[in-house]
Structures are given as structure tokens and as C-alpha cells.
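In what follows, a single structure is set out as C-alpha cells and then discussed.
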Amino acid sequence: MELILNELSLDGQFRSRDEFTEYVLDVLRPVLDIVIENKIPLLKKSDLYIRRITGDETLQDLLMKTNDPAMSLLKRYIVNLGYCEPYWDGPAFTNPEMRYEYPTLAEEPNCFTEAIERADRLLSLQHRLFSADSFLCRRNEEKIEIGNITEVKKLLKELLWEDQRRVRYIIERYPYQRSVTCAVIDGKCFAEEALLENGLEKGDLLYIVERISQLIEDLRQGRKTDLWDKLQEDIFELRLHVSAGRTFRLLFVQSRGIQFLNGFIKKTQKTPDAELDKAVKIKKQLH
């Protein structure tokens, strides 16, 4: 994966430095954490630092503020990402002989023409024009959909779509309302194995990630639904319908949030004794 920072999403739209600071801490920081952890190249235009954040302050102006903790934090992120390189306009891939269409007016080359040519996704800051998950663009008459990252949930889903082996990482980093982990006992994670070794498709895994949010809300509200059930003592199951008409179960405990213990494709009405016994054994070894 490679991302192109949408320089057009910096046009002085923040009403104040405080509003931008709040955005950096609450929205941008989690995104940049994932970008750095996964070593995702983030290309930008070389004039990025002179683009306006507020009506009268540029990104460079704000980064020079030595007494602002949020700006110091952002400066560290930028250093980790490479303060200078990579720039996409050195040289640009945009072809001057092509006719490009995208959802704004801008001088070319720009982030959209580069995303089209490089088959990359955009990373856009909070902006009323660039809040969609994707944009329908054209190169001559060819339709091209450009993905757009605006918050960490979208980025994590894109990572999962690219590599479903990251499913445990995505589940544990997803910004749920409660902590969610997959239990590891003696270096073995049975929940992760269940997610990867039962022929689940990428769409199934994305569905599971999203349903965990609903599970947490059900539990928070004390609302019993068909999504979950209590099996015995403190062991519960997340009940899911996946591709090919199959039924998938993830067993979990509510300890320090939610900890998934193990999982399986359910082939009979009754939960297999072997899987329930395995969950009990894992639970007893949790610290």
C-alpha cells in the first residue's frame, strides 16, 4: 500500500489553531500511528508546508510553535514519516497528454492526477469536499475509483483488504469502545488461527470486524440479541453467518475488555465439546 497526502485538503478550513490541534490529537494521530507502524509510504507535494491550516497560518507556521504540545507531536510524526521525501512531484507521474476528471478544480499535476496514475489511495484531512470513502475519477474516458482515507477505521479496513493475514492486528487496533484482544497462550493464538484457517473470505473478515462493534454496543446496553450468547460461566460466543452459508463462532470472555479465546465453523446445532473445553482451558491460563 502507498498513500498520497491530499494537499487540496489543506486550504485554511480550520477556524483556529485549537480546532486543528483537536483534530490532530483525536483523528490524525491514530491514522499516522498505523501508517508508521506498517511503514506505509506517504507521498506528498513539495509545497505542503506552505499550505494554509487556518485563514492566516500555514502548516510551517504551526510546526514552528515550540510551546504547543500537539504541534510538537505532529512534528515528530512528520520526522518519522520523512520530513522531506518522498515527494510525488519529483518527478510527477501525471501525463500532460491525458485529460483527467476529479471532484474539484485544481492546477495539474495534483494529488488526484497522481493517485490516478500511481493507482494509489488518498489520505485527506478533515474537509467538506473530501470526506467520501472514494472518488469516481476519469483518465480520458476511463473510469477510475480512487480510495480516500479520512480516519483510522477506513485505513485498517484497507489494510485488511490487502492482506487478510493482518486480521488479528486490525481487530486489536480497531477503535472499538472497549479493548479487544485475541488471547495468546504459550505463543499460540487459537482465535487468530480460527480466523485464518477456516477459508473465510476477505468480506467475511471485514464483516466480523464490524460486527464486533455491534457486539460491544449490545453488551454495553445489556441487550440480548441473536449476535451473541452465554455458553457457561463467563464464556460467551459471537455468532456470525459467513460466506457459503456457513456459521462461524468466536468464543470470548469479558476480561479487561473482550478477549477472544478460540473459534470454529459450526456444523451442528450443539457447540462442540472440544471447542468449549479448549475455551475453558485458555480462560484458566489468562493472566
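The values are calculated or read from the model by the stated rules, or taken from the named source; none is laboratory data. Note that this is a predicted model, so its numbers are computed, not measured. Cβ atoms come from the backbone with ideal geometry, glycine included; neighbour counts cover every protein chain shown.
Just checking, which of LEU195, LEU200 is out of contact with any helix residue (DSSP H, G or I) (no Cβ under 6 Å at 6 or more places or on another chain), under 30 Å from ILE149 (Cβ atoms) and not aromatic (Phe, Trp, Tyr)?
LEU200
One residue alone among ILE144, ILE170 is outside the structural domain of GLY12 (by TED's automatic domain parsing) and of a type in the set (A, V, I, L, M), and that residue is ILE170. Filtering the stretch 273-282 for residues that are touching an Asp or Glu at 6+ places or on another chain (Cβ under 9 Å) and not aliphatic (A, V, I, L, M) leaves an empty set. Here LEU32 fulfils each of the conditions (1) surrounded by 17 or more Cβ atoms within 10 Å (Cβ to Cβ); (2) over 17 Å from ASN148 (Cα atoms) apart from (2).
Which members of the stretch 246-274 meet the condition of being modelled with pLDDT of 95 or more and within 14 Å of GLY199 (Cα to Cα)? Once the filter is applied, which keeps residues that are modelled with pLDDT of 95 or more and within 14 Å of GLY199 (Cα to Cα), the stretch 246-274 yields ARG246, THR247, PHE248, ARG249, GLY263, PHE264, ILE265.
Residues of the stretch 200-229 that are assigned to a loop (DSSP other than H, G, I, E, B) and within 17 Å of TRP161 (Cβ to Cβ): LEU200, GLU201. Selection of first residues in the stretch 61-73 that are not assigned by TED's automatic domain parsing to the domain that holds TYR49 and of second residues that are assigned to a helix (DSSP H, G or I) and not charged (D, E, K, R), restricted to Cβ pairs under 6 Å at least 6 apart or on distinct chains, gives an empty result.
Here GLU210, GLU217, GLU197 are screened, and the one residue that is more than 30 Å from ARG99 (Cβ to Cβ), surrounded by fewer than 18 Cβ atoms within 10 Å (Cβ to Cβ), of a type in the set (Asp, Glu) and in contact (Cβ under 8 Å) with a residue 12 or more places away in the chain is GLU217. The listed residues are LEU231, LEU251, and the only one of them that is under 29 Å from the mean Cα position of the chain (by Cα) and under 20 Å from CYS182 (Cα atoms) turns out to be LEU251. Among the residues making up the stretch 135-151, those that are out of contact with any Phe, Trp or Tyr (no Cβ under 8 Å at 6 or more places or on another chain), over 13 Å from ASN6 (Cα atoms) and not aliphatic (A, V, I, L, M) are ASN140, GLU141, GLU142, LYS143, GLU151. Candidates in the stretch 198-217 are the residues that are of a type in the set (D, E, K, R) and over 14 Å from SER243 (Cα atoms); of these, the one that is nearest to the chain's Cα centre (by Cα) is GLU210. Scanning the stretch 169-194 for residues that are within 16 Å of the chain's Cα centre (by Cα), within 17 Å of ILE216 (Cβ to Cβ) and in a helix (DSSP H, G or I) returns ILE170, ILE171, GLU172, ARG173. Of the candidates ARG51, ARG76, the single residue that is out of contact with any Pro (no Cβ under 6 Å at 6 or more places or on another chain) and either aromatic (Phe, Trp, Tyr) or in contact (Cβ under 8 Å) with a residue 24 or more places away in the chain (or both) is ARG51.
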